[in-house]
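Trainee: Take this structure, written in structure tokens, and hold onto it; I'll ask about it next.
Just so it is clear, none of the values below were taken in a lab; they were calculated from the coordinates. Since the structure is predicted, the reported quantities are computational estimates derived from the model, not experimental observations. Note that each Cβ is placed from the backbone with ideal geometry, even for glycine, and that neighbours are counted across all protein chains shown.
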Amino acid sequence: MHDPYDSNCNPSTGLSFQQVMAVSPSRRRLLGGGIVAAAAALTGAAPGLRLARAAVSSPLLGFEPVPVASDDVVHVPRGYVAEVIYAWGDPVSDGPTFAQDASNSAADQELQAGMHHDGMHFFAMPAQPGERQRGLLAVNHEYADDGLLHPDGMRTWTPDKVRKSQAAHGVSVVELRQRADGGWEVVRPSRYGRRITASTPMSIAGPATGHPWMRTAADSAGTRVLGTFNNCANGFTPWGTYLTCEENFYAYFAHGGDVPVAQRRYGITAKGHGYRWHEHDERFDAQRHPHEPNRFGWVVEIDPFDPASVPVKRTALGRFCHEGAAHALARDGRVVVYMGDDARGEYIYKFVSARPFDPAGAAANRDLLDEGTLYVARFGAGGTGQWLALRHGDNGLTADHGFPGQAEVLIHARQAADRVGATMMDRPEWMAVHPRSGEVYCSLTNNTKRGGATVNAADGSTPAGSSSPPVDAANPRADNAFGHIIRWREEGGDAAAESFEWDVFILCGDPAHPDAAKRGTVNGDAFGSPDGLWVDADGRLWIETDISPTSLYKGDYAALGNNAMLCADTVSGEVRRFLTGPRGCEIAGVIQATDRRTLFVNIQHPGETPGERSNPDAPSSISAWPGGGRPRSATLAIRRLDGGVIGA
Ligand code: FEO
Ligand code: CA
Ligand code: CA
Ligand code: CA
């Protein structure tokens with residue numbers, strides 16, 4: 001999501017800078033390797049520092065880059081093809097088909113692809129005779145454009161429209177097959193085809209289950225909740241389940257009155273953010289139902305192979321505006337989940353399970369994510385960092401400070417992270433774990449408001465209520481319009497370690513920009529506002545951009561055109577543009593099929609307006625992708641015409 005949700009609710013006093021400076025520089029170990037990593041040892045983190053890069057072209061990047069584009073089509077490299085396989089309104093099984101005039105009912109929408117495709121994962125299944133591959137694709141539907149969703153947009157507002165809007169959110173599970181001719185299609189009918197929406201019953205598990213703050217009029221036990229929404233990025237588990245992450249949940253609630261501090265810290269406002277669900281569904285009135293918002297902002301686990309399974313909110317992973325959930329296995333087999341909280345000045349977290357992963361399968365790991373330790377990151381100036389435990393009783397997380405137990409620590413994870421002095425980051429989006437080195441990459445999408453606060457020379461604090469911490473080593477640009485990608489390697493190569501070494505992989509920017517600070521450290525094609533990240537088996541880092549519609553085609557972004565997908569060699573640092581999207585879209589979600597010869601990518605909200613809600617009288621005024629008429633978010637299957645490995 002973008003600027004209307006580019007919230008900052010973090011009133012912390014910018015301690016991160018002082019804490020960063022207090023950390024003594026220690027031994028550096030090269031990240032990634034070779035000349036580039038040495039050059040990337042940003043200690044002073046001078047804005048615009050250009051790293052020495054290997055001059056030779058990367059052997060990993062075997063495709064011709066596509067140029068910047070601003071037309072209303074998808075471009076992929078010569079020799080590749082991109083096909084739309086699953087667009088908003090397509091049935092998940094053999095249900096109702098999409099109506100271009102938006103006349104589908106709420107009941108139809110409950111059986112069709114939602115809007116605004118975001119994170120996704122492909123779960124392989126055995127192929128059947130006559131086909132190449134088969135599997136389940138789980139896809140997030142992050143948010144909805146009510147201007148496109150209803151024939152007259154929001155001009156009238158009814159319970160049915162709220163129901164349809166809620167049905168356009170959530171997650172799809174669809175069964176895919178690749179035909180002998182290489183093309184992909186949704187299997188219809190399919191016993192797996194399923195929609196999970198903002199109304200689907202789900203359960204609550206982990207330490208916050210049943211806590212008084214989780215209880216509502218409709219759920220006096222605090223164990224059951226309806227739905228998931230604003231599902232941004234995702235993860236998956238080694239036991240074959242899908243993790244969907246609740247990001248800007250606050251936007252769906254309206255309080256109406258004087259919003260309590262704890263709700264403000266999560267972005268809830270008196271008026272809400274225009275979804276108007278509270279007008280016809282009173283649980284979204286945060287004054288009447290003050291605990292309902294506590295039941296959102298979690299990571300939700302879904303078993304895509306069991307269509308009757310009840311999704312589970314895993315409270316041990318903490319409550320914040322979750323972007324994604326990328327896992328690694330610790331040396332002893334415990335599961336580590338890396339997670340970002342995407343708002344200005346928020347934090348990077350990881351969860352370490354108490355018990356190791358059991359290879360016996362999903363049933364053996366059913367409760368694995370319910371017990372463990374949640375940590376938050378502090379990035380030191382010397383290229384080292386610490387994981388600070390958010391554990392009741394430690395690091396000041398005591399009853400005196402508003403944390404009588406672990407449930408309070410998790411429900412108020414942001415406040416707990418404030419308390420322990422984590423580093424306020426430039427909007428952490430996706431994380432990606434390099435499958436060989438174990439390095440973790442995190443996109444910090446942008447933040448143009450850092451450094452506005454004046455530091456009090458006497459005590460090092462910034463003014464109370466400041467939303468603008470000073471620049472620091474890990475967030476080195478005050479005007480970080482283009483964002484950056486940071487990476488770290490855990491101490492001893494163990495994902496469960498409590499310390500790490502880090503560097504800035506790329507300060508994003510435009511190498512042709514007249515202002516040296518805006519060029520960043522890009523070795524290759526210009527890009528900005530990195531969001532989706534994924535490292536493939538060969539070590540290619542795929543980067544998806546989300547320049548918001550308020551910035552697209554303007555100012556510093558004028559030369560970058562439509563949002564794009566790039567591919568980087570994590571060793572040489574070279575970056576090459578692989579795909580450009582249609583007008584007004586962001587690129588979101590990335591995963592390969594098992595044979596690495598198909599790349600699934602989502603085009604989210606083609607034609608989005610700066611206000612994020614289309615004019616129902618001119619729904620195609622910015623984009624009519626992919627098929628003319630109303631623009632539709634959609635999943636692409638991208639292949640090489642010669643059948644080769646993607647990117648090679
Ligand atoms: Fe939904 Fe942070 O992107
Ligand atoms: Ca978006
Ligand atoms: Ca984004
Ligand atoms: Ca995102």
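Trainee: Can you check how the C-alpha radius of gyration of region 483-570 compares to 2.2 N^0.38 Å, as a plain ratio?
Mentor: Here the answer is 1.23, to two decimals.
Trainee: Let me ask something else. With r as the distance between the Cβ atoms of S57 and A124 and R0 = 35 Å, compute the FRET efficiency 1/(1 + (r/R0)^6) and round to 0.05.
Mentor: Efficiency at R0 = 35 Å is approximately 0.60.
Trainee: If neighbour count is taken as other Cβ atoms inside 10 Å, put L61, L388 in order from fewest to most.
Mentor: With the fewest neighbours first, L61, L388 line up as L61, L388.
Trainee: Report, to one decimal in Å, the Kirkwood hydrodynamic radius for the chain based on all distinct Cα pairs.
Mentor: 24.4
Trainee: Quick check: net charge around E110, other residues with Cβ under 13 Å of its Cβ, Lys/Arg +1 and Asp/Glu -1?
Mentor: Result for the local shell: +2.
Trainee: Another question, then. How big is the convex hull of the Cα atoms of region 191-290, per residue, in Å³?
Mentor: Cα-based convex hull of region 191-290, divided per residue, equals 137 Å³.
Trainee: Next question, about the same structure. From the helices alone, meaning DSSP H stretches of at least four residues, give me the mean residue ellipticity at 222 nm for the chain, per-run term -39500 (n - 2.57), in deg cm²/dmol to the nearest 500.
Mentor: -1500 deg cm²/dmol
Trainee: Next question, about the same structure. Pairs of alpha-carbon atoms within less than 8 angstrom and 6+ residues apart define the contacts here; what relative contact order does the chain have, in percent?
Mentor: Rounded, it is 18 percent for the chain.
Trainee: In addition: What is the total of Lys pairs in the chain with C-alpha atoms under 21 Å apart, excluding same-chain pairs fewer than 8 positions apart?
Mentor: 5
Trainee: Moving on to the next point. When DSSP assigns beta bridges and you keep just the ones with both residues in the chain, what percent turn out antiparallel, to the nearest 5?
Mentor: Given both bridge residues lie in the chain, the antiparallel proportion sits at roughly 95 percent.
Trainee: May I pose another question? Report, please, the projected area of region 90-180 averaged over directions, based on the convex hull of its C-alpha atoms, in nm².
Mentor: One quarter of the hull surface, i.e. the mean projection, equals 6.3 nm².
Trainee: Hey, with R₀ at 22 Å, roughly what FRET efficiency would A308 and A360 work out to, going by the Cβ-Cβ distance, to 0.05?
Mentor: 0.55
Trainee: If the viscosity is 1.002 mPa s and the temperature 20 °C, what Stokes-Einstein diffusion coefficient in µm²/s follows for region 323-427 when Rh is the Kirkwood radius over Cα pairs?
Mentor: Value of D from the Cα-based Kirkwood radius: 147 µm²/s.
Trainee: Karplus couplings for region 319-331 from phi (6.51 cos²θ - 1.76 cosθ + 1.60, θ = phi - 60°), rounded to Hz, Gly and Pro as x?
Mentor: 10, 7, 7, 5, 8, x, 8, 9, 9, 9, 9, 6, 4
Trainee: Continuing with the same structure: How big is the dipole moment of the chain about its Cα centre under a simple scheme where the beta carbon of each Lys and Arg is +1, that of each Asp and Glu is -1, and everything else is neutral? Debye, nearest 20, please.
Mentor: Roughly 640 debye for the chain.
Trainee: For region 70-227, what does the alpha-carbon gyration tensor say about shape, rounded, prolate or oblate, given a ≥ b ≥ c as the root eigenvalues, a/c under 1.5 as rounded, and a/b over b/c as prolate?
Mentor: Oblate, since a/c reaches 1.5 and b/c is not below a/b.
Trainee: How do 94-103, 470-479, 186-195 rank on mean C-beta neighbours within 10 Å, highest first?
Mentor: Peptide ranking by packing, descending: 470-479, 186-195, 94-103.
Trainee: Grab the other residues whose beta carbon is less than 10 angstrom from that of Q133, score K and R as +1, D and E as -1, and report the net.
Mentor: Net charge around Q133: +3.
Trainee: For P293, what is the net charge nearby, where nearby means another residue's Cβ is under 10 Å from its Cβ and Lys, Arg count +1, Asp, Glu -1?
Mentor: So the environment of P293 carries a net charge of +2.
Trainee: Using a 10 Å cut-off around each Cβ, can you sort D400, D332 from fewest to most neighbouring Cβ atoms?
Mentor: D400, D332
Trainee: Among V73, F505, G561, whose Cα lies farthest out toward the positive end of the dipole of the chain, if unit charges sit on the beta carbon of Lys, Arg (+1) and Asp, Glu (-1)?
Mentor: Of V73, F505, G561, it is F505.
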